[in-house]
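Structure record follows, encoded as structure tokens.
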Amino acid sequence: MAHKSPISSLFFLLLLLSATVMAGKHRSRRPCRRLVFYFHDILYNGKNAKNATAAIVGAPAWGNTTILAGQNHFGNVVVFDDPITLDNNLHAPAVGRAQGFYIYDRKEIFTAWLGFSFVFNSTEHRGSLNFAGADPLMNKTRDVSVIGGTGDFFMARGIATLSTDSFEGEVYFRLRADIKLYECW
């Protein structure tokens, strides 16, 4: 019968203890950082070039690039460079820019797919946060993934809960982004 040394038993106990501690860290559901921002999207409609922050760059055959297509805007591709504010006031000082695109991707329901970054260059934040995911627009809240970041947000990961804070026809909407980061460096 083999004899176990006290050192190997101690090693096994330490290994088991460290695995338990590491497993507990992965199960933590509290964010390491939480931020709330608003971004304001003003879609170009052929008349508002001075104030527009978004434009239709792709449209289905029945659509055009100044008016969103029917059938839940299916097939429209919009790029944007929207101001980000700390409150819901469009004229508040911008703390960064929301830059990216959304694609209206279903005929049957009003939904889009988003890919965008929050780009910061202020005294409080520098760098970017990157987002991607489905945006079922008729839901009160929807989650998109935080898939990375740079600068102050280096390699950040988490969830951004989006909610439509204001919607004025097909020209202006404001989204509230409640960002919870679960990986912070």
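The values are calculated or read from the model by the stated rules, or taken from the named source; none is laboratory data. Source: prediction; values computed, not measured. All Cβ positions, glycine included, derive from the backbone under ideal geometry; neighbour counts span all protein chains shown. These area figures cover heavy atoms from the full protein model, side chains too; ligands, DNA and RNA do not enter into them. Shrake-Rupley method; radii C 1.70, N 1.55, O 1.52, S 1.80 Å.
Just one of N51, N72, N64 is modelled with pLDDT of 95 or more and either open to solvent by 30 Å² or more (accessible area, probe 1.4 Å) or aromatic (F, W, Y) (or both); which is it? Reasoning before the result, please.
Numbers: N72 fails: modelled with pLDDT of 95 or more; N64 fails: modelled with pLDDT of 95 or more.
After applying the criteria, what remains is N51.
How many residues does region 138-179 contain that are open to solvent by 40 Å² or more (accessible area, probe 1.4 Å) and either touching a His at 6+ places or on another chain (Cβ under 6 Å) or among the hydrophobic types (A, V, I, L, M, F, W, C) (or both)?
Count: 8.
Any idea which residue in region 82-134 is farthest from the chain's Cα centre (by Cα), counting only those that are within 13 Å of D152 (Cβ to Cβ) and open to solvent by 60 Å² or more (accessible area, probe 1.4 Å)?
Here the residue is T123.
Yes/no matrix, rows are residues, columns are (1) part of a loop (DSSP other than H, G, I, E, B); (2) modelled with pLDDT of 60 or more; (3) surrounded by 10 or more Cβ atoms within 10 Å (Cβ to Cβ); (4) not aliphatic (A, V, I, L, M):
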| residue | (1), (2), (3), (4) |
| --- | --- |
| L10 | no, no, yes, no |
| L14 | no, no, yes, no |
| R29 | yes, yes, no, yes |
| L35 | no, yes, yes, no |
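Give the number of residues within region 31-64 that are more than 26 Å from R157 (Cα to Cα) and touching a residue at least 12 places away in the same chain (Cβ under 8 Å). Let's see the steps before the verdict.
From region 31-64, those more than 26 Å from R157 (Cα to Cα) are 42-64; that's our starting set.
Add one more test, that the residue is touching a residue at least 12 places away in the same chain (Cβ under 8 Å), and what stays is 42-46, 48, 53-60, 63.
Residues flagged as more than 26 Å from R157 (Cα to Cα) and touching a residue at least 12 places away in the same chain (Cβ under 8 Å) within region 31-64 amount to 15.
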